[in-house]
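The block underneath contains the structure these notes are about, expressed in structure tokens.
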Amino acid sequence: MTLPVESICFFGPESTGKTTLAMELASEFPAVLVPEFGRYYCEAFGNKCDEDDLRAIVAGHNLLVNAARRKAGKLLFLDTDAVMTAVWADILLGYRPAELDWVSDPADLYLLANVDVPFAADAIRYFPDQTSRERFFEACRAELERRALPYVVLSGDREQRRKTARATIRERFADVLAR
């Protein structure tokens, strides 16, 4: 009998340390990490995304998640997810195509990274100014609340975020970690 795998999504605006934190914690917990498909996609094809690009990102992400679920033992760490792509649709397109709003399997917990850390520019990031970052963060929070998805906000420096995330995972998934 296969036990269900619990999923934890590292969620929020760009350049908030989600990927680094997910990688660090995946080495501490019995977890398989699903990388951010959207980053790979944008690095390969550019970040001028339209509806079709966002649909392709969701499809690619779902393929990675399905493959990872087969290999995961207890926890599945998601470096963003399809819910995040729906937020990106709102931000980039100014609207959300209906099929991007439907998420069949949201994470069991969302770790929402705040924008209280410095922005680190790279070739595919969009919003370096603090006002845009704060709007993006509030859009992420509003989306989680609209969907009634459980989340914890990660704020502070890298170590504080790691401590909060680690304690939250241990508390919320104590039964999973004990088996």
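Quick check: anything in segment 32-48 part of a helix (DSSP H, G or I) and aliphatic (A, V, I, L, M)?
Within segment 32-48, the first condition is being part of a helix (DSSP H, G or I), and the residues that meet it are 37-45.
Next, only the ones that are aliphatic (A, V, I, L, M) stay: 44.
Checking segment 32-48: at least one residue is part of a helix (DSSP H, G or I) and aliphatic (A, V, I, L, M).
Residues of segment 1-20 being of a type outside the set (A, V, I, L, M, F, W, C), open to solvent by less than 50 Å² (accessible area, probe 1.4 Å) and more than 16 Å from residue 88 (Cβ to Cβ), which ones? Those that are of a type outside the set (A, V, I, L, M, F, W, C), open to solvent by less than 50 Å² (accessible area, probe 1.4 Å) and more than 16 Å from residue 88 (Cβ to Cβ): 6, 7, 17.
Across segment 151-173, the qualifying residues are those that are open to solvent by 50 Å² or more (accessible area, probe 1.4 Å) and touching a strand residue (DSSP E or B) at 6+ places or on another chain (Cβ under 9 Å), and the one among them that is nearest to residue 30 (Cα to Cα) is 172.
With respect to (1) within 13 Å of residue 10 (Cβ to Cβ); (2) modelled with pLDDT of 95 or more; (3) open to solvent by less than 60 Å² (accessible area, probe 1.4 Å), the lone exception for residue 23 is condition (3). Return yes when residue 141 is surrounded by 15 or more Cβ atoms within 10 Å (Cβ to Cβ), among the charged types (D, E, K, R) and without any contact (Cβ under 8 Å) to a residue 40 or more places away in the chain and no when it is not. When the stated conditions are applied, residue 141 passes them.
From the list 77, 45, the one residue that fits, being open to solvent by less than 20 Å² (accessible area, probe 1.4 Å), modelled with pLDDT of 95 or more and of a type in the set (Phe, Trp, Tyr), is 77.
The values are calculated or read from the model by the stated rules, or taken from the named source; none is laboratory data. Everything numeric here is computed off the predicted structure, so don't read it as measured data. No Cβ is skipped: glycine too gets one built from the backbone with ideal geometry, and neighbour counts run over all protein chains shown. Please note that ligands, DNA and RNA were not included when accessible areas were found on the heavy atoms of the full protein model with its side chains. Shrake-Rupley method; radii C 1.70, N 1.55, O 1.52, S 1.80 Å.
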